[in-house]
Amino acid sequence: MLALSQEKFIKETLEHYEMSNSHPISTPALPNEHLIKLSSPEVNAKSYQHALGSLIYPMLGTQPNLGYTITALGCHAANPRPNHQHALEHVFRYLQATSDQQLIFEWSTLGGSTLFRYADMDWTSNVNDHKLTSGYMFKLAGAAVSWSSKKQTSVALSSTEAEYISRAHAAKEAIWLRQLLSELGLDTSSPTILHVNNQSAIVIAKNPEFHNRTKHIDVRYHFLRQVVKDETVELQYIPTREQVTNALTKGLPPMSFNKFWDAMGIHCLG
């Protein structure tokens, strides 16, 4: 078993920003929270940026569940307002409750040597420019090894198109991880499973005959069809309620968030 923890760093960060005695909470973001973009700051932008920057290290290291919140707050780093500051403090209060959590890898886990991937998107919740937020998470040995939450540069015209674009971005990471695992001597002869909660996106990736419905989609996203065809990636449907990367694309209520948090392999050994 291998356990990765950043408890010391998180506690030092909480102390630095005088949040050590803050009231702990169970999620880093509120469900259905919409942060409006401003043209000028209403609070100290540099202080906001420094505090936000201190959260990026744990998000990249052992706290994939911070991905969506950090991405959302980063969109307002130039011109923060009081409710952005409040949302930022919300994240610190979440870390106060979860500083002892660790990413725990166990090779004996069912399917431990197999690379599993989840990908999802949120299409309509961005009230500022309506660009989708896509997220992916790869698991190996029972815990997350790669994750991303990112606002895309394009506006999708449908949920199917948004799902398709999101899967294409995740497929690029899958190819890189498969190459890395192959160099480390692991078997990558089987396709990497991609869990998808949109049946139409699966059909488009497998069937190029849907030209009239997809001809407007940028050609760079259609390489997903190729990696499905050559069996590098296999798309499998999964119900939305089981889609782990929901936690990387939107704010969730505690019960749902904690369920996906556990599925990422984040646990407490104490």
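Looking across region 242-254, not a single residue is part of a helix (DSSP H, G or I), farther than 17 Å from residue 199 by Cβ and among the charged types (D, E, K, R). Reported count of residues in region 222-241, each being without any contact (Cβ under 8 Å) to a residue 24 or more places away in the chain and either part of a loop (DSSP other than H, G, I, E, B) or more than 21 Å from residue 172 (Cα to Cα) (or both), is 2. Output yes when any residue across region 36-47 is at pLDDT below 90 and of a type in the set (Gly, Ala, Ser), and no when none is. Yes - at least one qualifying residue is present in region 36-47. Can we say residue 82 is surrounded by 15 or more Cβ atoms within 10 Å (Cβ to Cβ), in contact (Cβ under 8 Å) with a residue 40 or more places away in the chain and not hydrophobic (A, V, I, L, M, F, W, C)? No: the conditions fail for residue 82.
Looking at 89, 7, 18, just one residue is surrounded by 15 or more Cβ atoms within 10 Å (Cβ to Cβ), acidic (Asp, Glu) and either under 20 Å from residue 249 (Cβ atoms) or outside the structural domain of residue 247 (by TED's automatic domain parsing) (or both), and that residue is 7. Residues in region 21-47 that are surrounded by 16 or more Cβ atoms within 10 Å (Cβ to Cβ) and closer than 20 Å to residue 65 by Cβ: 22, 25, 27, 28, 29, 35. Inspect all residues belonging to region 28-48 and state whether any of them is within 26 Å of residue 137 (Cα to Cα), of a type in the set (D, E, K, R) and under 23 Å from the mean Cα position of the chain (by Cα). Yes - at least one qualifying residue is present in region 28-48.
The values are calculated or read from the model by the stated rules, or taken from the named source; none is laboratory data. Computed from a predicted model, the values in this text were never measured in an experiment. We place every Cβ from the backbone using ideal geometry, glycine too, and count neighbours over all the protein chains shown.
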